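Below: one structure, written as structure tokens.
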There are 2 protein chains.
Amino acid sequence: MIMDGMGDRPLKELGGKTPLEVANTPNMDKMAKEGINGIMDSIKPGIIPGSDTAHLSILGYNPYEVYTGRGPFEAAGVGVDVLPGDIAFRCNFSSANDEGIVTDRRAGRIKKGTKELAEKINGMTIEGFEDIEVIFKESTGHRAVLVLRGEGLSGKVSDADPKIEGKPPKQIKALDETPESQKTADILNKLVLKTYNILKNHPINVERESNGKSPANIIIPRGAGEVPYVESLNEKYNIKSVCIAETGLILGIGKLAGMTVIEPEGATGGVDTDLDSITKTILENLKKDYNFFLINIDGADEAGHDGNLQEKLEFLEKVDSVIGEIMKVPNIYYILTADHSTPISVMNHSGDPVPIVINGPEVKVDDIEEFNERSAAKGGLCRIRGSDLMNILMDLMNNSEKFGA
Amino acid sequence: MIMDGMGDRPLKELGGKTPLEVANTPNMDKMAKEGINGIMDSIKPGIIPGSDTAHLSILGYNPYEVYTGRGPFEAAGVGVDVLPGDIAFRCNFSSANDEGIVTDRRAGRIKKGTKELAEKINGMTIEGFEDIEVIFKESTGHRAVLVLRGEGLSGKVSDADPKIEGKPPKQIKALDETPESQKTADILNKLVLKTYNILKNHPINVERESNGKSPANIIIPRGAGEVPYVESLNEKYNIKSVCIAETGLILGIGKLAGMTVIEPEGATGGVDTDLDSITKTILENLKKDYNFFLINIDGADEAGHDGNLQEKLEFLEKVDSVIGEIMKVPNIYYILTADHSTPISVMNHSGDPVPIVINGPEVKVDDIEEFNERSAAKGGLCRIRGSDLMNILMDLMNNSEKFGA
């Protein structure tokens, strides 16, 4: 159970305590009291993890080898069946005018109609590069993903996003000297122009404009990355795994790792998420024949990014109730931790270690009474790394092989 | 002092305590009280070590590089002067009939006469491969080791052991596509057949059969491994080292590491071993000019494999007396630890960290009062790896060089 961004730092406004030290979290504390505790560096001490790199590391992958950028994981997360070697991008639906100027980077924060628009882009051909397959799919809101598939492509290309309105999309450039990067940049520059021609007169955009809304008439790609080969988690550890998560990024990691992925109904990835629905989804799947669950709940991270202490405290207490419900299921190894800290004072991720508790049969219960950053550091696990966690769990589950005689 | 398999997990039958927490071990506790304590992952957290890979790691070798299989270490352990590049095997003396069927995999658990039989196999030639040297030596009981020495050989070959009686030895196959592996398989298949012709009419076997015993008339190799290059421990750390151990596997590691190896008289590797003799051997050698001792006592591991709690408790208490005797020798850095846990509940090795204490001049004595898995985790060493230990010890001994200026 990975509570995204749950870790924090001592806050002046809490008298030098952390949100986890102050929030009323009786179920987390029970788990700590009946388990073995420690602190964990998802990647290495002091390295500030992304949620993606942290989850990869915690699942036993080396993020320095596997992580090629956010595009591939986002693309997998929205349901594109990406293949190793594909080049994947995050995209915005944006608004442009006939002079090629971006007038609204988020196309008036469009909510509806992107599916129909995406279908027009998906499968398009690029003149001179007819052998390259273009896969395009809408995500939430104005977001979308683009995948280029074919020979001689590269992920080393720059972004088209002009970052501010009133400018044309940036010319995409090769970031190294290889012909593959040049070819990919050429394809993308043609693609961006062509998306305008395909979308500008689409009935959805005609209607939006007649209603005074910004049209979603151009596609702006960024965050290029070559889809990496990710060894199947199930084969690597001989498990049957499921990933229950709220965000495309984490679902994408689960997908690329070959896990079954489930996005609970009503999951928003924010503090307003439907925690009852998430709890129900977890409990239902605990009855099925999976033997490894990766659960990611995202709200504490959002509150941290917003620097909203009150929301973070409240969300921690709400999540505590979810944990209380799940803990009623017996004969399970529970692990509660975070992928990284998102301190209120930083309003972004930090490289602090996060607290971790492992609870279940035969663990060496220590004398820790509460679940928080400071008490966990005195626990029986001492300080571990994210990359140790699957090995420790598989050993407890008697699910790994001896190395040697 | 490595007490093989000493670590354990909390046991229901001990009210959630571990054998080390329950056993009466005043000398270990004294060592903990006057030393600095911690927990140690012999290889990495959660990785289940073999005794061989754990010892390699603790001696500062990378087992993922050096460990090529059990054969080379067993062969070195029974006293064959193996060389890097040799291909070594563990073997059984077995019984076969004229139809080539294995009738007893352990040759009636033969105890005597294997030395004479082995002398007939040692130095044999294989038709068509006269340049390959065959080295063969008996071990304890029906066990033996085989070493092939020469150009163009490989350790990537399958086992001949049919695993059950009533079948012929398995055809040995190359496990990769190289000509070296094919050549090695061809040699072994001829060798297995020829051992039957050499041994079947040997007087020892004629006598065994006339007494109704299974003859030891065929050699069945398994566990192939290419003998690795192992840097001399003495040169690596500028020490004069001795390995006092009970089992061929650990003695073999000492041998390959270039240590002086001593098998104390009466050492069985079991709970019935002669601990007085082991103590005497250690004390005698402490008077000599060695400055590094690796001591391995094996009984706790045997009790763990057998799931025999009472025997494990009793053996820990007996070993405690050995430690009490040795600790009387002053001005020594003592390290007490295990190579891995062999929990009573698992009846095999586990990936749990093991307790470790370092006792001697200038160590930062912590407030730990007892030697066991749980208390050690609160000690001043925190959590270290096996590969850290030699460096820590050499530093305390003022026996290592500064890295940098």
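Please treat every number below as a calculation from the coordinates, not as lab data. Because the structure is a prediction, the values reported are computed rather than measured. Here the Cβ positions follow ideal geometry from the backbone for every residue, glycine too, while neighbour counts run over all protein chains shown.
Restricting to bridges with both residues inside chain B, how much of the DSSP beta-bridge set is antiparallel, in percent to the nearest 5?
Values: 34 of 49 bridges.
Antiparallel bridges: around 70 percent, rounded to the nearest 5.
Which GluC sites (Glu not before Pro) from segment A:302-405 combine a DSSP loop assignment with at most 10 other Cβ atoms within 10 Å?
Details: sites: A:Glu302, A:Glu311, A:Glu314, A:Glu317, A:Glu325, A:Glu362, A:Glu369, A:Glu370, A:Glu373, A:Glu401; in loops: A:Glu362, A:Glu369, A:Glu370, A:Glu401.
Those satisfying the criteria are A:Glu401.
Got the relative contact order for chain A handy, in percent, Cα pairs under 8 Å and 6 or more residues apart? Walk me through the numbers on the way to the answer.
Details: 957 pairs, mean separation 127.0, N = 405.
With pairs under 8 Å counted, the relative contact order is 31 percent.
Can you tell me which lysines have their Cα less than 27 Å from the Cα of B:Lys240? Leave out same-chain residues fewer than eight positions away.
B:Lys255, B:Lys280, B:Lys287, B:Lys288, B:Lys328, B:Lys364, B:Lys402
Grab the beta carbon distance between B:Asp272 and A:Ser345, set R0 = 60 Å, and tell me the FRET efficiency rounded to 0.05. List each step's numbers first, then the result.
Numbers: r = 63 Å, r/R0 = 1.05.
The formula returns an efficiency of 0.45 here.
Between B:Ser400 and B:Lys112, what is the label-to-label distance in nm when each label sits 7 Å out along the Cα-to-Cβ direction?
Between B:Ser400 and B:Lys112, the simple spin-label model gives 5.2 nm.
Give me the percent relative contact order of segment B:74-226, please, defined on Cα pairs under 8 angstrom at least 6 residues apart.
Details: 331 pairs, mean separation 49.6, N = 153.
RCO, segment B:74-226: 32 percent.
Explain nothing, just compute: Karplus ³J(HN,Hα) = 6.51 cos²θ - 1.76 cosθ + 1.60, θ = phi - 60°, for every residue of segment B:128-137 in order, whole Hz, x for Gly and Pro.
x, 10, 5, 7, 8, 8, 10, 10, 9, 9
Per 0.36 nm of contour for each residue apart, how much would the distance between A:Asp98 and A:Ser232 grow if the chain were fully extended, relative to their Cα-Cα spacing? Display every interim value, and only then the final one.
Values: separation 134, 0.36 × 134 = 48.24 nm, distance 4.69 nm.
Contour length minus Cα-Cα distance gives 43.6 nm.
Can you put B:His305, A:His349, B:His340 in order of Cβ neighbours within 10 angstrom, beginning with the fewest?
B:His305, A:His349, B:His340
Just from its helices, what would the mean residue ellipticity at 222 nm be for the protein assembly as shown, if runs of 4 or more DSSP H residues each count -39500 (n - 2.57) and the sum is divided by every residue, rounded to the nearest 500 deg cm²/dmol? Display every interim value, and only then the final one.
Values: 30 runs with 270 residues, N = 810.
Rounded to the nearest 500, it is -9500 deg cm²/dmol.
Dipole of the protein assembly as shown, Cα-centred, from +1 at each Lys and Arg C-beta and -1 at each Asp and Glu C-beta, to the nearest 20 debye?
Numbers: 90 positive and 126 negative charges, 148 e Å.
Once rounded to the nearest 20, the dipole reads 720 debye.
Calculated FRET efficiency, B:Lys163 and A:Thr178, Cβ-Cβ r, R0 35 Å, to nearest 0.05? Walk me through the intermediate numbers first.
Values: r = 53 Å, r/R0 = 1.52.
Efficiency, from the Cβ-Cβ distance: 0.05.
Remind me, relative contact order of segment B:103-166 in percent, using alpha carbon pairs under 8 angstrom and six or more residues apart?
Normalised by residue count, the contact order of segment B:103-166 is 32 percent.
In segment B:145-166, which residues have a backbone nitrogen under 18 Å from the label point lying 7 Å from B:Asp81's Cα in the Cα-to-Cβ direction?
The answer is B:146-150.
Based on the Cβ-Cβ distance from B:His305 to A:Lys378, what FRET efficiency comes out when R0 is 35 Å, to the nearest 0.05?
On the way: r = 34 Å, r/R0 = 0.96.
For B:His305 and A:Lys378, the calculated efficiency is 0.55.
What is the distance, in nm, between label points placed 7 Å from the Cα along the Cα-to-Cβ direction at A:Glu65 and at A:Glu265?
Using points 7 Å along Cα→Cβ, the separation is 4.1 nm.
DSSP loop trypsin sites (Lys or Arg not before Pro) in segment B:88-139 with at most 13 other Cβ atoms within 10 Å of their Cβ, which ones? Before the final figure, lay out the partial values.
Details: sites: B:Arg90, B:Arg105, B:Arg106, B:Arg109, B:Lys111, B:Lys112, B:Lys115, B:Lys120, B:Lys137; in loops: B:Arg105, B:Arg106, B:Lys111, B:Lys112.
Hits after loop and neighbour filter: B:Lys111, B:Lys112.
With a cap of 12 neighbouring Cβ atoms within 10 Å, and only residues DSSP puts in a loop, list the trypsin sites (Lys or Arg not before Pro) found in segment A:310-405.
Working: sites: A:Lys312, A:Lys318, A:Lys328, A:Lys364, A:Arg374, A:Lys378, A:Arg383, A:Arg385, A:Lys402; in loops: A:Lys328, A:Lys364, A:Lys378, A:Lys402.
In loop regions of segment A:310-405 (DSSP not H, G, I, E or B), the sparsely surrounded trypsin sites (Lys or Arg not before Pro) are A:Lys328.
Could you pull out the pairs from B:Lys115/B:Lys213; A:Lys236/B:Lys156; A:Lys167/A:Lys190 whose alpha carbons sit more than 20 Å apart here? Please report the intermediate quantities before stating the final value.
Working: B:Lys115/B:Lys213 17 Å; A:Lys236/B:Lys156 23 Å; A:Lys167/A:Lys190 18 Å.
Beyond 20 Å between Cα atoms: A:Lys236/B:Lys156.
Work out the length of the dipole vector of segment B:74-226 about its Cα centre, built from +1 on the beta-carbon of each Lys and Arg and -1 on the beta-carbon of each Asp and Glu, and round it to the nearest 20 debye.
Values: 23 positive and 24 negative charges, 166 e Å.
Taking the Cα centre of segment B:74-226 as origin, the dipole is about 800 debye.
Cα gyration tensor of segment B:1-51, axes a ≥ b ≥ c as square roots of the eigenvalues: rounded (a/c below 1.5), prolate (a/b > b/c) or oblate? Could the numbers behind the result be given before it?
Values: a/c = 1.97, a/b = 1.12, b/c = 1.76.
Verdict is oblate for segment B:1-51.
In nm, to one decimal, how far is the B:Asn24 label point from the B:Lys240 one, both placed 7 Å along Cα→Cβ?
The modelled label-to-label distance comes out at 4.1 nm.
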